[in-house]
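These notes are about the structure you will find just below.
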Amino acid sequence: MARVYRMATFAMLLLSAGAAGAADFPQPLPEEPVSTVTELPERYPDSWVFVHDLHFNSLPDGRAAIVDVGAENNNLRGQIPVAQFGNILPSTTRGEIYVGETFYSRLTRGERTDVITIWDTKTLAPKDEIVLPGGKRGLFVTLRNSLQLTNDEKWALVFNFTPGSSVTVVDLDGRKILSDIDLPGCSLVYPTGPRGFTSLCADGTMTSIALDATGKAGPAVTSEAFNTIDDDPLFMTPAMVGRTGWFVSFKGNLRAIDFAGAAARDLGGFAIPKQAGGEPEWRPGGWQVISADRAGLLYILMNPKGIEGSHKDGGTEAWVVDPKAKTVVRRIALKNHSVSIEATQQEKPLLVASRSDGSLDVYDAASGAFVRTVASVAHDPMTMTAAR
Amino acid sequence: MSGLDKFSEKMTRRVARATSRRSLLTLIGGALTGAAVIPVLPVSRAQAQGHGHGGDPVAPQTTGNPQDPGDQTQCDYWRYCAIDGFLCSCCGGTASSCPPGTEMSPITWIGTCLNPADNRSYIVSYNDCCGKSSCGRCLCNRNERDRPMVRPQANNDINWCLGTSSAIYNCSTAVILGVALEQQ
């Protein structure tokens, strides 16, 4: 009986609350049209970051999230499929986003198709695709330098791995394949000069190939060996400051490579100055461990438990290094263990640190102050690319 | 197994045996230091929670053979000293065989792991199993002597479902190819 009484009271409360509400708002909410789909600006603000989700638990269903790390809310602005160890590459000038990906006609079996899918930045709808021949697009945990642009963003360079290495040159204007270039013993593509690329090679050298107007390879120029792969190899993803790529090694040595000319030049490097607190020592750790802001400061994700084999373990601090002064100007203690970092290209940059739970922690890069967490944007946020 | 598969298997074993003593010793060093590794790993949230358990509370599976000790569902099982991926032991296969309906990749990367029971070092081939999507159980990533993509044969980030009818990755095995060194 007491229960019935309580329920009646509750119902009366609801009714009275409803009556009061209607009095406050004499007009109902307007009817809303259906089939409304949000659009994005053609050019993304520089607080936006492309977060690639490898989705290791379902690799054919990889994707990327477009995240505004500078906003208070509504941070996740859209998603793009990036299937099967895919790559996402935003253009800075063409209003398009390129995705290198691989499909099977029956999802996991059947006919293999490798494509560059072309997405419209404004609608996030697929515009077109360019089929990549040979079923040889390299499949490995995402590295940004397996898909790059050259020739004023008119051409794309696709790294293939079968396990033989090669590069496919793709004309994005004509939507066609221009050439396939064998690259024995070398990996990935670093755009070089006005029209060409460099690859890092297994003997510690790098090879630069200039392309002619039809996309065919000119003579290869090979450097002296500079990458000590056995003892202290360079991580494959550099931080770009203009056309200079700053690479960092497993043990914390920085190396600058100039990609502005027709052949890449080794500009030398320096060791990140030793810092206290490592057990046994601080080393870079994670997946995308180095990034640069517009001013040319470098951000490096550091792991205090650095040993052989710790290079993918992530890090607990981001160190801000001034490559001109060769100093550590700031140590940013991260709130959470992080996997990859990326600096936005804003006037006042933000530093984004991705976590293994798929959330992003955002810091003021200048002060190191924690700004916000953007929760659950990806399953496996391995690589990030700031809008430019 | 096709003629091509047999050929590449033979080649893998030959290359593995021909690897220099010095580099084998280096690899063994890596394997030894790896025994206590705690995988705080970038590849998946499961790994971050893993603490050497592959992320999932999977019931233990042992071979029952005292000369092949350890739990094959755990990252610290001796053969997994350079593995990266889902353990096939948790996915319908075993440490040395693929789950039903998948295809074993003939091309692979290798490690040299010390068996704590007989104190021998074995060459272990990490053949991927292919043709079905990610198993999703017992993710394990150990990186002793792992090198970046610039040296593919020493890199465990590559999808080694190469030379199979489908390049879709399911899980990874750890097959004994032979003894690495004569014991002194």
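Numbers at a glance
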item: Sequence-separation-based contact order of segment A:226-299, relative, with Cα cut under 8 Å and 6+ spacing, percent; result: 27 percent
item: Mean shadow area of the protein assembly as shown, taken as a quarter of the surface of its Cα convex hull (nm²); result: 33.9 nm²
item: 17 Å cut-off, amide nitrogen to a point 7 angstrom out along B:SER97 Cα→Cβ, residues in segment B:118-141; result: B:127-130
item: Number of partner chain Cβ atoms within 10 Å, mean per residue of A:199-207; result: 2
item: Mean-position separation - Cα centroids, segment A:241-271 and segment A:83-150, in angstrom; result: 28 Å
item: Given 15 as the ceiling on other Cβ atoms within 10 Å, longest exposed-site-free region of chain A for GluC sites (Glu not before Pro) in DSSP loops; result: A:225-346
item: Between segment A:37-56 and segment B:79-137, the Cα center-to-center distance that results, in Å; result: 37 Å
item: Reach of A:LYS127 by Cα under 17 Å, taken over lysines that are not fewer than 8 positions away in the same chain; result: A:LYS154, A:LYS176
item: Across A:LYS326/A:LYS348; A:LYS335/B:LYS132; A:LYS251/B:LYS132, pairs whose alpha-carbon gap is larger than 30 Å; result: A:LYS335/B:LYS132; A:LYS251/B:LYS132
item: Relative contact order [Cα under 8 Å, 6+ residues apart], chain A, whole percent; result: 12 percent
item: Stretchable slack from A:GLN27 to A:SER367, in nm (0.36 nm times residue separation minus alpha-carbon distance); result: 117.6 nm
item: GNM result for chain A, Cα springs below 10 Å: residue of A:VAL34, A:VAL49, A:VAL329 fluctuating most strongly; result: A:VAL34
item: Residue with peak Gaussian network fluctuation, chain A [Cα springs, cutoff 10 Å], from A:LEU124, A:LEU267, A:LEU301; result: A:LEU267
item: Full-stretch length increase - A:ASP212, A:ARG294 - with 0.36 nm per residue and alpha-carbon distance subtracted; result: 26.4 nm
item: Extension reserve of the A:SER105-A:LYS154 stretch, reckoned as 0.36 nm per residue once the Cα distance is removed; result: 14.7 nm
item: Paramagnetic label zone (point 7 Å from Cα along Cα-to-C-beta, A:ALA271; backbone N under 16 Å) in segment A:300-338; result: A:306-308, A:326-328
item: Segment B:47-179 - share of DSSP beta bridges that are antiparallel (%, nearest 5); result: 95 percent
item: Helix A:2-24 axis, angle to chain A major axis (alpha carbon atoms, nearest 10°); result: 70 degrees
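Coordinate-derived values only; no laboratory data. What you see is a predicted model; the values in this text were computed from it and never measured. Every residue, glycine as well, gets a Cβ built from its backbone with ideal geometry; the counts of neighbours run over all protein chains shown.
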